[in-house]
Amino acid sequence: MSRAIYPGSFDPVTYGHLDVIKRSASMFDEVIVGVLSNNAKSPLFSLEERRLMLEEAVKEYSNVSVITFDGLLIDYMKGNDISVIVRGLRAVTDFEYELQIAQSNRKVSKDTIDTVFLTTSIDYAYLSSSIVKEYARYGTDVTDFVPDFVADRLKCKFCQI
Ligand code: PNS
């Protein structure tokens, strides 16, 4: 059985992420979406909030599950018999960062882990969670970028601030 993990911050999940999830769900028997901490970022939503939004967003896919954990991605993968990481590539600007992570994960895992890149659909090439948060912060409608329930969560978040 082929299993892959799609890790990310997902702060919050966007239609760009959901496009990668949909396509990887048709390539692998099982896809685990891993909501993780990126120590270089200060998230708007807690890990648990992000996990709940993702669960709602992927409920139509029977072979996709969502997990969250604090720690190294490769440690989780070793403990759960997963050897493939899926990541989306939007533009050449993503490439250097993604190459570095993919190569370091491969090195630290002693060549047991591979990363597969899916190029993001042109429709979502410009999209990022940061851009969505920036528009939502100023009250702009973001329902072209994220599911309605995520747009509502963003509205709530920025009302509280
Ligand atoms: O969506 P992002 O922020 O680009 O995702 C980055 C993420 C969360 C996949 C990466 O930071 C990660 O794997 N974090 C878990 C900790 C880890 O394994 N770090 C080593 C690789 S950077």
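The values are calculated or read from the model by the stated rules, or taken from the named source; none is laboratory data. As the structure is a prediction and not an experimental result, all values here were calculated from the model. Backbone-built Cβ (ideal geometry, glycine too); neighbour counts: all protein chains shown.
Remarks
- Contact map, region 1-12: residues that are in a loop (DSSP other than H, G, I, E, B) paired with residues that are more than 11 Å from the ligand (Cβ to nearest atom) and among the charged types (D, E, K, R), Cβ distance under 6 Å, separation 6+ or inter-chain. Pairs shown: M1/D29; S2/D29.
- Selection of region 126-161 for residues being free of Cβ contacts under 8 Å to residues at least 60 places away in the same chain and either among the β-branched types (V, I, T) or within 30 Å of Q100 (Cβ to Cβ) (or both) yields Y126, S130, I131, E134, Y135, A136, R137, T140, V142, T143, I161.
- Subset of region 57-71 [of a type outside the set (D, E, K, R) and within 21 Å of H17 (Cα to Cα)]: A57, V58, Y61, S62, N63, V64, S65, V66, I67, T68, F69
- The selection criterion, being within 15 Å of S129 (Cβ to Cβ), within 12 Å of the ligand (Cβ to nearest atom) and aromatic (F, W, Y), holds for Y6.
- Scanning region 19-33 for residues that are surrounded by 19 or more Cβ atoms within 10 Å (Cβ to Cβ) and under 11 Å from the mean Cα position of the chain (by Cα) yields a total of 4.
- Contact map, region 61-78: first residue at negative phi, second residue among the hydrophobic types (A, V, I, L, M, F, W, C) and part of a strand (DSSP E or B), Cβ cut-off under 6 Å, separation 6 or more or different chains; pairs are V64/V31; S65/I32; V66/V33; I67/I32; T68/V35.
- Entirely in region 39-155, the strands (runs of 3 or more DSSP E) that have 1 or more residues that are touching a His at 6+ places or on another chain (Cβ under 9 Å), under 16 Å from P7 (Cα atoms) and at pLDDT below 95: none
- Of the residues examined, K110 is one that is free of Cβ contacts under 8 Å to residues at least 24 places away in the same chain, surrounded by fewer than 16 Cβ atoms within 10 Å (Cβ to Cβ) and over 17 Å from the mean Cα position of the chain (by Cα).
- Exactly one residue out of L36, L89 is within 11 Å of the ligand (Cβ to nearest atom), in contact (Cβ under 8 Å) with a residue 12 or more places away in the chain and surrounded by 14 or more Cβ atoms within 10 Å (Cβ to Cβ), and it is L36.
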